[in-house]
Each structure stands twice: as C-alpha cells, then as structure tokens.
1. Specify which labelled value, from [x] 116; [y] 343; [z] 131, agrees with volume of the Cα convex hull per residue in Å³ derived from the coordinates of the model shown.
2. Using only the alpha-carbon atoms, how far is helix 36-50 inclined from the longest principal axis of the chain? Give it as 0 to 90 degrees, nearest 10.
3. Cα axis of helix 53-77 to longest principal axis of the chain: angle in degrees, 0 to 90, nearest 10?
4. Search the structure for amide H atoms under 5 Å from the amide H of residue 81, placed 1.01 Å from N in the peptide plane, and list their residues when 5 or more places away or on another chain.
5. Quote to one decimal, in nm, the extra length available between residue 39 and residue 84 on full extension: 0.36 nm per residue of separation minus the C-alpha distance between them.
6. So what's the back-of-envelope 222 nm ellipticity for the chain, counting only DSSP H runs of four-plus at -39500 (n - 2.57) apiece and dividing by all residues, rounded to 500?
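Just so it is clear, none of the values below were taken in a lab; they were calculated from the coordinates. None of the values given here were measured: they were computed from a predicted structure.
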Amino acid sequence: MQIVRDEEQPSATEVPQYDPRKKYTWSPETQFTLSGSEFGILLNSLRQIISTKEAQAVLRAAEASEVIENLMAQSVANGNVLEHPEQ
C-alpha cells in the first residue's frame, strides 16, 4: 500500500497571501491600524472628494432622500399612504 499526499493543502507554516481579485470578509470587531501618514492620505483624499460641487450635490440628494423616507413613514403610519398590493 502506498501513502499518497495531497500537495495542494497548505502547511501549518504557510502564510495566506492577499489577492486583490478575491473577496474578503471580517468581523465588526476586527481592527485595522493606520500610520499617521496613511491616515493623513485618507483624510485629505476624502476631504478633497467631498468638497467638490458634484459630491455636495450627492450629499444634498441623500439628505433629501432621508426627508422623503421620513415623510413616507409618517404618511403610512397615519393612514394617508397605503401599501400597493402585489399583482
């Protein structure tokens, strides 16, 4: 009888390698650490993006959407808006 070993199984010392083509997941408790330089790059990039005219319009649209959703919720609760039955 011959013992056959599967060479595809990772050894206990093998470190997983990041592949940007794959999807990953983590728990809400997972912590990521940034250096001051990395944090500055992210902060300044986000500030630059949200200060554009286009981003401001999108942010206002999100606020308007929230107002409409709240109005719809109130209207459903007081009976002015009824659920449309599925056909």
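1. [y]
2. 30 degrees
3. So the helix axis and the longest Cα principal axis differ by about 70 degrees.
4. Excluding prolines and chain starts, which carry no amide H, the hits are 76.
5. 11.4 nm
6. Value at 222 nm, helices only, nearest 500: -16000 deg cm²/dmol.
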